[in-house]
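Engineer: Provided herewith is a single structure, encoded as structure tokens, for subsequent inquiry.
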Amino acid sequence: MNWDIIADAYLGISEDRDKIIFPVLLKYIKEFSPKNLADIGGGDGRFLELAFTHFNHNHFSEFALTDSSTRMLARAKSRLSNIKNLTICDSHKTLKKHNWDLVTLIAVWMSLETHEECINLLSQIKELLSSNGKLFTAVTHPCFRHLNYHSFSANFDLTNYFESGKKFRVNLYDSIRSLSLWDTHWTLSDHTHQLNSAGFNIELIEELQDVDNNSEGSPWLVIIASPK
Ligand SMILES: C[S@@+](CC[C@H](N)C(=O)[O-])C[C@H]1O[C@@H](n2cnc3c(N)ncnc32)[C@H](O)[C@@H]1O
């Protein structure tokens, strides 16, 4: 999918992922106290900005954001212009290896279209992590893609659940705008096998609730993993 073409439309929708995912990330940062943070596929930098604003300026010594979309990088540069010690670049391959205490990969894994792409990216992330480093990743929950949530629906037919790599349409919406995009379905087993193949152990899985308490199931799944 070409994120340069849809970046502005995507960012224009008041979608709930930051409201749902950030409290868990915040809790984890408080527990784990990483000294630096790299956000891979960080989009316009909203998660880095939230992390920066919730802690005092001395908490993190260094931030990085990478994204393959030029338009997203431009939006991130504008949004994060007040953060010092921040590297913004188009590839995680240029970041310092064995340096990062926390790497985040939020709403990116569903953009990766093949097992190889997933395992390669995860393996490269593992190389970035410091000796006690952790990966914090969030994906839309693969087991509940047939349900509608407050700001997205996928209408994924669960009889296709075991079709790994199947493309599916996701509709994002707020009260004014909507956008349809393609994602790739990875089962829960795929996520665990891909992490395992990339050299990670899973430490924690958290299934998150929608902002709408009446929603069924879980819209987002967080996986925290550390190098084996
Ligand atoms: C759904 S957006 C999420 C952005 C951000 N993580 C957030 O949650 O606000 C997915 C982002 O992943 C980026 N992306 C997709 N594949 C990527 C890859 N292989 N490496 C780096 N970024 C990638 C896209 O350009 C896009 O900005």
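Engineer: Evaluate segment 34-53: report whether one residue or more is away from the ligand (no atom under 12 Å from the Cβ), in contact with a strand residue (DSSP E or B) (Cβ under 9 Å, 6 or more places away or on another chain), at pLDDT 95 or above and assigned to a strand (DSSP E or B).
Structural biologist: yes
Engineer: Check whether at least one residue in segment 77-90 is near the ligand (Cβ under 10 Å from one of its atoms), in contact with a helix residue (DSSP H, G or I) (Cβ under 9 Å, 6 or more places away or on another chain) and hydrophobic (A, V, I, L, M, F, W, C), and report yes or no.
Structural biologist: no
Engineer: Take the residues in segment 19-50 that are surrounded by 14 or more Cβ atoms within 10 Å (Cβ to Cβ) and acidic (D, E); name whichever of them is farthest from K93 (Cα to Cα).
Structural biologist: E49
Engineer: What's the total number of residues in segment 129-158 that are within 16 Å of the ligand (Cβ to nearest atom) and within 21 Å of L26 (Cα to Cα)?
Structural biologist: 7
Engineer: Does N99 meet the test of being polar (S, T, N, Q), over 29 Å from L179 (Cβ atoms) and touching a Ser or Thr at 6+ places or on another chain (Cβ under 9 Å)? Spell out the reasoning first.
Structural biologist: Details: polar (S, T, N, Q): yes; over 29 Å from L179 (Cβ atoms): yes; touching a Ser or Thr at 6+ places or on another chain (Cβ under 9 Å): yes.
Yes.
Engineer: Give the number of residues within segment 145-158 that are in contact (Cβ under 8 Å) with a residue 60 or more places away in the chain, out of contact with any Lys or Arg (no Cβ under 9 Å at 6 or more places or on another chain) and buried (at least 21 other Cβ atoms within 10 Å of the Cβ).
Structural biologist: The number of residues fulfilling the criteria is 1.
Engineer: Within segment 7-33, how many residues are more than 25 Å from D212 (Cβ to Cβ) and more than 8 Å from the ligand (Cβ to nearest atom)? Lay out the reasoning, then the answer.
Structural biologist: Start the filter on segment 7-33 by keeping residues that are more than 25 Å from D212 (Cβ to Cβ), which leaves 7-8, 29-33.
If we keep only those that are more than 8 Å from the ligand (Cβ to nearest atom) as well, we get 8, 29-33.
Residues flagged as more than 25 Å from D212 (Cβ to Cβ) and more than 8 Å from the ligand (Cβ to nearest atom) within segment 7-33 amount to 6.
Engineer: A follow-up question, please. For segment 137-155, give me each residue that is more than 18 Å from R177 (Cβ to Cβ) and either part of a helix (DSSP H, G or I) or among the hydroxyl-bearing types (S, T, Y) (or both).
Structural biologist: Listed by number, the residues that qualify are T137, T140, P142, C143, F144.
Engineer: Something else: Pick from segment 69-114 the residues that are under 21 Å from Q194 (Cα atoms) and of a type in the set (G, A, S): which of them is surrounded by the fewest Cβ atoms within 10 Å (Cβ to Cβ)?
Structural biologist: If we take residues in segment 69-114 being under 21 Å from Q194 (Cα atoms) and of a type in the set (G, A, S), then S91 is surrounded by the fewest Cβ atoms within 10 Å (Cβ to Cβ).
Engineer: So which residues in segment 91-119 are out of contact with any helix residue (DSSP H, G or I) (no Cβ under 8 Å at 6 or more places or on another chain), more than 9 Å from the ligand (Cβ to nearest atom) and farther than 15 Å from W186 by Cα?
Structural biologist: Answer for segment 91-119, where residues must be out of contact with any helix residue (DSSP H, G or I) (no Cβ under 8 Å at 6 or more places or on another chain), more than 9 Å from the ligand (Cβ to nearest atom) and farther than 15 Å from W186 by Cα: just T94.
Engineer: Looking at T53, is it surrounded by fewer than 20 Cβ atoms within 10 Å (Cβ to Cβ), farther than 22 Å from Y173 by Cβ, free of Cβ contacts under 8 Å to residues at least 12 places away in the same chain and out of contact with any Cys (no Cβ under 9 Å at 6 or more places or on another chain)?
Structural biologist: Values: surrounded by fewer than 20 Cβ atoms within 10 Å (Cβ to Cβ): yes; farther than 22 Å from Y173 by Cβ: yes; free of Cβ contacts under 8 Å to residues at least 12 places away in the same chain: yes; out of contact with any Cys (no Cβ under 9 Å at 6 or more places or on another chain): yes.
Yes: the conditions hold for T53.
Engineer: Across segment 54-75, which residue is farthest from the chain's Cα centre (by Cα) among those that are hydroxyl-bearing (S, T, Y) and within 16 Å of the ligand (Cβ to nearest atom)?
Structural biologist: First pass over segment 54-75, keeping only residues hydroxyl-bearing (S, T, Y): 61, 66, 68-70.
Restricting the remaining residues to those that are within 16 Å of the ligand (Cβ to nearest atom) gives 66, 68-70.
Values: T66: 12, S68: 14, S69: 15, T70: 18 Å.
Looking at the filtered set, the residue picked out is T70.
Engineer: Spot the failing condition for N82; the list is (1) assigned to a helix (DSSP H, G or I); (2) without any contact (Cβ under 8 Å) to a residue 12 or more places away in the chain, and only one is missed.
Structural biologist: Condition (1) is where N82 drops out.
The values are calculated or read from the model by the stated rules, or taken from the named source; none is laboratory data. This one's a predicted model, so the numbers in the text were calculated from it and none came from an experiment. Cβ: placed from backbone, ideal geometry, glycine included. Neighbour counts: every protein chain shown.
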